[in-house]
Amino acid sequence: MPVEAPDEIISKIANMTRPQLVTLLRGLQCGFHLDFSDEYLASLSVDRLRHIALAASLRSHTEAD
């Protein structure tokens, strides 16, 4: 699988819907544990979900380098 550039990650996440963001957070493979309850994720705004998904994705991306 090709590694995405940070600007591609940003663009992809900016266009995701709530269900897509939750799926991304649930499936993200990274060197740290993400453990969010369904209730917590449902309580967040889409912008906040994007922020968390972006931070985790970029961090995961830097670990892959």
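The values are calculated or read from the model by the stated rules, or taken from the named source; none is laboratory data. On a predicted model such as this, the values are computed, not experimentally measured, just so you know. Glycine gets a Cβ as well: all are built from the backbone with ideal geometry, and neighbour counts include every protein chain shown.
Just so you know, in segment 52-62 the residues that are surrounded by 16 or more Cβ atoms within 10 Å (Cβ to Cβ) and not hydroxyl-bearing (Ser, Thr, Tyr) include one that is farthest from residue 22 (Cα to Cα), and it is 61.
Pairs under 8 Å by beta carbon, first residue under 13 Å from residue 17 (Cα atoms) and free of Cβ contacts under 8 Å to residues at least 40 places away in the same chain in segment 32-51, partner surrounded by 14 or more Cβ atoms within 10 Å (Cβ to Cβ) and not aliphatic (A, V, I, L, M), six or more apart or different chains? Taking only residues 6 or more apart or on different chains, the pairs are 46/18; 49/18. Looking across segment 8-18, the residues that are part of a helix (DSSP H, G or I) and either touching a residue at least 40 places away in the same chain (Cβ under 8 Å) or in contact with a helix residue (DSSP H, G or I) (Cβ under 9 Å, 6 or more places away or on another chain) (or both) come down to 9, 10, 12, 13, 14, 18.
Has segment 19-42 got any residue that is in a loop (DSSP other than H, G, I, E, B), among the hydrophobic types (A, V, I, L, M, F, W, C) and modelled with pLDDT of 95 or more? For segment 19-42, residues in a loop (DSSP other than H, G, I, E, B), among the hydrophobic types (A, V, I, L, M, F, W, C) and modelled with pLDDT of 95 or more: absent.
So, residue 62, is that one over 19 Å from residue 7 (Cα atoms), out of contact with any helix residue (DSSP H, G or I) (no Cβ under 8 Å at 6 or more places or on another chain) and either assigned to a helix (DSSP H, G or I) or in contact (Cβ under 8 Å) with a residue 24 or more places away in the chain (or both) or not?
no
Residue 57: modelled with pLDDT under 95 and not charged (D, E, K, R), yes or no? When the stated conditions are applied, residue 57 passes them.
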